[in-house]
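Read-outs: derived from the displayed coordinates by stated rules, not from any lab. Since we're looking at a predicted model, the values are computed, not measured. A quick note on method: Cβ atoms are made from the backbone with ideal geometry, for glycine too, and the neighbour counts reach across all protein chains shown.
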Amino acid sequence: MMLDPWILGLIIGHSALLLIFSLGLINAWQIFSGWDYNSTAEKQFLLEKKTYLVSTVMNFALFTQILMLFLFGMAADELANVLPGAMCAVGTLSSTSYGFALLDLKIVSFFAYFIWLVVNYLDNQIETYPLVRKKYLALMLLYPFAVVETVLLFAFAFDLDPSVITSCCGSVYNEGAEGLGASLAGASAGFILPLFFSIVILLLLNRFVFNRRDAGKKWLGNLLEFPLWIAFFITAIVVIISFISTYVYEMLSHKCPFCFMGAEYHYYGVPLYLCLFVATATGMTGGLLETIKRPETLAEKARLLQKKMNTVSLWGMLAFVVIGFLPFATYYIKTGRLI
Amino acid sequence: MISGSWFERQKNIIDYSLQSLLRRRSKNILILIIFIVLVFAVSSILFITGSLTQEMMITSNDLPDITVQRILGGRQVNVLSSYLPEIEKIPGVEAVETRVWGYFYLASLQANFTIYGMDLNLLEEGEYRKIVNWKNVPDPAENQILSSRPDFRMIIGQGVFELLKDIQMEKAFLFYQPTWQKPIPFDIIGTFKTETELQSNDMMILQTEGARRVLELPPDEFSDLVVHVPNPEEIENIALKIHRYFPELRTITRAQIQNTYATVFNWKSAFVLSSLLVAIFAFLILIWDKASGLSPEEKREIGILKAIGWDTDVVLSVKFWEGLILSGISSLAGILLAYAYIYWLRAPGLREIFIGWSTIYPSFKLMPDVDPKFLLLIITISVVPYLAVTVFPAWKAAITDPDAIMRNI
């Protein structure tokens, strides 16, 4: 189903993204293979100018990627009107085998772009660009993501068939059903909530207790943040599906992580996901910045930025927990019982 | 070097960008106008699709839960009354209603009317009373004539009324087919109000018995059946069941009709949009050309800026802000223009593409319904490609070497 305004919009956006990224890739390759800071040749001079182009390109790519993530969610929601059986984005995404794969890839590449841009920002502050080769190697490794995304988008668009009945979120996120969605929904609150909060507590402990006590082990604690934040993101999604959603909809059978982003639920999901993404992106990056040790000037800047990132991620996490458990709290206060 | 905090810095850069845009007024105005036209076109299409879909969704809620048709030789034929009790027996079915309807082609006007048979007495009493402008409310003398032929009364849509007025038949209409012995006269007792125009424009609601005469429908047969199912969750299942019991019957649920309409509207809008792609592409080439061909003054300006200590970064920011200001203004103007065009002028030209195919075009009012989602889509289609195209020329301009310029002064 290519002829749909939403699909068309996504294709235009992705084509622009891929085109610009390709431009970045060519220049990144040239910089990667020809970089020699000590050279005074004209070629090196030109390459240094090209770093500006690549930075601009990547800024554009990240901006477009965020826009596309939003647009993809909305398109999936909007297309549900057209697909029989689909009632929200879940129906659209599960109607082809590419839908959820594309969404997952988009989320992963969002984080990857974000980390790349932070590193790039740091590196550009140092006159000698110490990370230049690693940075551009990473960029070249990111390119396949963008290609696969575009290919998946086309496959998704071709595969969407308005005459095939799809399932709605009520059946995908239903404990009785089979599949990943069902097992996510089936994860009992008694199991996932302690897991989620132990990760949150571990993050807080790591930040405030371990780091304060033993300065020598500080690097380990900071490094640990990276896997911890990934775990936080994944468990948070499971908590949203299996616990938070039931209190938003006040219905045991409705466990959908998309429906509450709409106007009927006062766009509740928008700040929720915003906090989750901001917290995870900054938290992960903060942990990753620990790996930057040399040269001294760069490491100094990295520590400074790391502090900022850590603060943002902490507040983001707190906001997520508050927003996420607000429906539960109001429900509990109003009725005095659990669902 | 511009100093101060980040915001102050950006403020100064924006200030400079604005000045720079204004200085090259003639060049930028052309881009601005084309950009506005483009955004206008894209948003008009999206707005009209949005409000049509919205209106369709609202009105189609009154559609029957399940429509049952009989298919013979791959074509729809009349349904026999023998099916009625069988379908009524299915658990979950509240009632089965029979329908009598068809089309009447009036060769002299080249117009096709939709004829629908129902008990007009119900219309006179029920809540539908409000949607009809009752006419010819007869004085007692005339009333006698009317009541003497209660089977030959009808209510017509506004579009039909306009047409019939031209041939002086707005009070009573003669149905006639060459194969008939004599024409069948019908009294027009009312017209539908304008709010219902999308559905009622080409409608003639006839008293059922009269409709049977006009449509030449035998007494034991109906055009199709309508099944009422109170529980929406059961509709799909019951439709499948009916089809399984009577493979010759075709069932159409309300959800299927809504999906089909939405698909058609989306398809139409995407079709028009994709024909716009050529225009967008041409615009992008123009932008590329304008942005890469720096005039000597511009080059000198950038050269001087860099000579007095501006970074490549800052010049890039200036270019970025220029693009953002330009596309921001054009998007805003284009969207507002589209809003006025669709909802105040009622989309002349575009309307015909999206609605109606018969000789009577419904002239209904489009309900303003702009979802913020559409704004994001408009930005994706217009602003993103624009910024993408300007990245490379902007960089090219920003890396201009001051000494190369100075030497040429």
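Length, then width, then depth: along the principal axes, the Cα atoms of chain A run 71, 57, 30 Å. In whole angstrom, segment A:62-137 maps to an equivalent ellipsoid with semi-axes of 38, 11, 6, each derived as √(5λ) from the alpha carbon gyration tensor and ordered largest first. A DSSP coil position with no more than 13 other Cβ atoms inside 10 Å describes the following trypsin sites (Lys or Arg not before Pro) in segment A:190-299: A:Lys293. Helix-only mean residue ellipticity at 222 nm, chain A, DSSP H runs n ≥ 4 weighted -39,500 (n - 2.57), per residue, nearest 500. What is it? About -24500 deg cm²/dmol. With contributions of -39500 (n - 2.57) from each DSSP H run of at least four residues, the per-residue ellipticity at 222 nm computed over chain B stands at -18500 deg cm²/dmol. Put +1 on the Cβ of each Lys and Arg and -1 on the Cβ of each Asp and Glu in chain B; which of B:Ile71, B:Met56, B:Gln177 then has its Cα farthest toward the positive end of the dipole? Most positive-ward Cα: B:Met56. In this structure, the amide hydrogen of B:Val100, modeled 1.01 Å from its nitrogen in the peptide plane, lies closer than 5 angstrom to those of B:Gly117, B:Ser223, counting only residues at least 5 positions away or on a different chain. Counting other Cβ atoms within 10 Å as a rough exposure proxy, the listed residues B:Glu236, A:Glu264 run A:Glu264, B:Glu236 from fewest neighbours to most.
In a Gaussian network model over chain B where Cα atoms closer than 10 Å are linked, find which of B:Ala338, B:Ala388, B:Ala291 has the largest mean-square fluctuation. Greatest mean-square fluctuation among the candidates belongs to B:Ala388. In the protein assembly as shown, inverting the average of 1/r over every pair of distinct C-alpha atoms gives 30.8 Å as the Kirkwood radius. Sorted largest first, the spans of the alpha carbon positions of segment A:237-301 along the three principal axes are 55, 21, 12 Å. Using Cβ point charges alone (K and R +1, D and E -1), the dipole size of the protein assembly as shown about the Cα centre works out to roughly 2900 debye.
Give me the tail of P(r) for segment B:186-322 as a percent: Cα-Cα pairs with distance above 27 Å.
The proportion of pairs with Cα distances above 27 Å equals 64 percent.
3J(HN,Hα) couplings calculated from phi for segment A:245-253 with the Karplus curve 6.51 cos²θ - 1.76 cosθ + 1.60 (θ = phi - 60°) are, in sequence order, 4, 5, 7, 5, 7, 6, 8, 6, 8 Hz; Gly and Pro show x.
In order along segment B:81-92, the Karplus-derived 3J(HN,Hα) couplings, from 6.51 cos²θ - 1.76 cosθ + 1.60 at θ = phi - 60°, round to 5, 5, 6, 3, x, 5, 5, 4, 6, 4, x, x Hz, and Gly and Pro are given as x. Extents of segment B:95-228, largest first, come to 38, 37, 32 Å (Cα atoms, principal axes, whole angstrom). Sorting A:Val54, B:Val77, B:Val272 by the number of Cβ atoms found within 10 Å of their own Cβ, with the fewest placed first, yields B:Val77, B:Val272, A:Val54. The magnitude of the dipole of chain A, with charges of +1 and -1 set on the Cβ of Lys/Arg and Asp/Glu and taken from the Cα centre, is near 1360 debye. Considering only B:Glu298, B:Glu162, B:Glu322, the Gaussian network model of chain B with Cα springs below 10 Å gives its largest mean-square fluctuation to B:Glu298. The Cβ shell under 15 Å around B:Glu233 holds other residues with a net charge of -2, Lys and Arg each +1, Asp and Glu each -1.
Counting Cβ atoms of other protein chains within 10 Å of each Cβ in B:372-378 and taking the mean gives 5. Averaged over peptide B:380-390, the number of partner chain Cβ atoms lying within 10 Å of each residue's Cβ comes to 6. With Rh defined as the Kirkwood radius, the inverse of the mean 1/r over Cα pairs, the Rg/Rh of chain B is 1.19. Dipole magnitude for segment A:293-339: computed about the Cα centre from +1 point charges on Lys and Arg Cβ and -1 point charges on Asp and Glu Cβ, it is near 80 debye. In segment A:170-339, a dipole from Cβ-located charges (positive for Lys and Arg, negative for Asp and Glu) runs towards its positive end, and of A:Ile333, A:Met261, A:Phe197 it is A:Phe197 whose Cα lies farthest in that direction.
Springs join every pair of Cα atoms under 10 Å in this Gaussian network model of chain A, and among A:Lys135, A:Lys43, A:Lys301 the largest mean-square fluctuation is at A:Lys43. Across segment A:1-167, counting alpha-carbon atoms alone, Rg and Dmax equal 19.0, 65 Å.
Ordered by the count of other Cβ atoms within 10 Å of each Cβ, fewest first, A:Met2, A:Met74 give A:Met2, A:Met74.
In chain B, a dipole from Cβ-located charges (positive for Lys and Arg, negative for Asp and Glu) runs towards its positive end, and of B:Trp134, B:Phe7, B:Tyr116 it is B:Phe7 whose Cα lies farthest in that direction. Between B:Arg407 and B:Leu324, the FRET efficiency estimated from the beta carbon spacing at R0 = 35 angstrom works out to 0.60. For the segment A:53-60, counting C-beta atoms of other chains within 10 Å of every residue's C-beta and taking the mean gives 5.
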